[in-house]
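The values are calculated or read from the model by the stated rules, or taken from the named source; none is laboratory data. This structure is a prediction, so every number in the text was calculated from the model and none was measured. For neighbour counting, all protein chains shown are included, and Cβ atoms are generated from backbone atoms with ideal geometry for every residue, glycine included.
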């Protein structure tokens with residue numbers, strides 16, 4: 001099934017609906033336009049960090065300090081920070097909303113039909129860790145961001161929105 | 001100096017600052033009765049104390065944040081020094097307990113031990129100030145000025161290697177986080 005680009009403005013509107021205070025990112029090619037839109041806003045504060053591990057740690061600190069953060073990362077970056085997600089969200093029971101871009105996906109095919117491990121292993125990895133996920137496959141799915149936010153805060157744990165095609 | 005000496009010196013000047021400890025500094029901070037509702041132990045994620053402390057500093061800019069970090073762990077997330085500078089938290093005080101070893105796993109030396117300088121690393125990254133102490137009397141004299149300085153500040157604490165089994169706090173991080181949230185919301 002093909003994925004369609006979602007306008008950054010639609011996602012920004014959802015981010016504001018969730019009252020997000022901070023967006024932590026290791027820049028993701030797939031979400032380039034969303035990052036550009038965020039860079040022009042004062043709130044939420046966009047903070048570019050060196051690694052996804054740091055993003056997960058800063059998320060915890062912000063949450064403990066009564067702020068409302070989220071992450072924008074890439075599929076490869078999610079794999080890179082799994083230990084941090086385990087300890088600093090799953091075990092620590094800290095909400096962790098992640099927009100995860102499907103870098104290198106052939107958007108004309110379903111993720112599961114993509115040959116690249118980075119693409120077709122994302123959902124199995126999320127499922128192995130018991131991390132709920134929502135698919136952003138087109139503009140009609142934009143509301144899933146707030147659903148994922150509610151799930152992360154309800155569970156006090158991680159929740160992922162998988163961004164299937166480059167934002168526009 | 002011994003770890004416990006440095007810990008006691010910090011405890012004496014903490015004055016309500018938020019704190020994050022990691023690895024073998026956790027149990028010592030608990031022993032010094034500092035693991036209150038304004039403290040979190042960074043558990044099961046080596047290297048994360050700096051990032052967690054940064055999040056707290058950004059969340060609560062009117063409160064000082066003290067990070068009790070370890071040299072081995074900080075090497076695992078060394079880029080966090082840069083991220084701290086990028087965020088520019090004026091209330092961030094980063095103490096690196098430096099014994100040149102991974103104490104918890106048996107005192108294996110960290111890579112390139114003795115070849116690099118924590119203060120120079122921090123200053124090159126852009127920390128506003130950095131200093132190092134291996135004697136507790138000198139540390140005690142300097143602490144009031146250090147904590148009154150605009151951050152981010154890094155302080156390297158030269159501590160003796162310790163043998164014996166690793167000690168871990170019994171407190172659950174999830175409980176500590178909720179307690180901190182409630183305390184900060186009051």
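Worth a mention:
- Residue pairs whose Cβ atoms lie under 8 Å apart, sitting 6 or more positions apart in sequence or on different chains, and linking a residue in the range B:169-183 that is more than 9 Å from chain A (Cβ to nearest Cβ) and in contact (Cβ under 8 Å) with a residue 12 or more places away in the chain to a partner that is part of a helix (DSSP H, G or I) and surrounded by 14 or more Cβ atoms within 10 Å (Cβ to Cβ), are B:169/B:26; B:169/B:27; B:169/B:30; B:171/B:30.
- Boolean, residue A:114 is surrounded by fewer than 23 Cβ atoms within 10 Å (Cβ to Cβ), within 13 Å of chain B (Cβ to nearest Cβ) and either free of Cβ contacts under 8 Å to residues at least 24 places away in the same chain or under 16 Å from the mean Cα position of the chain (by Cα) (or both): no
- Residue B:13, sole failed condition from (1) surrounded by fewer than 20 Cβ atoms within 10 Å (Cβ to Cβ); (2) within 24 Å of residue A:45 (Cα to Cα); (3) touching a helix residue (DSSP H, G or I) at 6+ places or on another chain (Cβ under 6 Å): (2)
- Under the condition of being more than 19 Å from residue A:47 (Cα to Cα) and either touching a residue at least 40 places away in the same chain (Cβ under 8 Å) or not in a loop (DSSP other than H, G, I, E, B) (or both), the residues counted in the range B:66-111 number 27.
- Every residue from the range B:44-75 that is under 14 Å from residue B:110 (Cα atoms) and more than 8 Å from every other protein chain (Cβ to nearest Cβ): B:46, B:70, B:71, B:72, B:73, B:74, B:75
- Residue that is surrounded by the fewest Cβ atoms within 10 Å (Cβ to Cβ), among those in the range A:49-80 that are over 20 Å from residue B:38 (Cβ atoms) and at the interface with chain B (Cβ under 7 Å from one of its Cβ atoms): A:50
- Residue B:95 meets each of the listed conditions (1) surrounded by fewer than 24 Cβ atoms within 10 Å (Cβ to Cβ); (2) modelled with pLDDT of 95 or more apart from (1).
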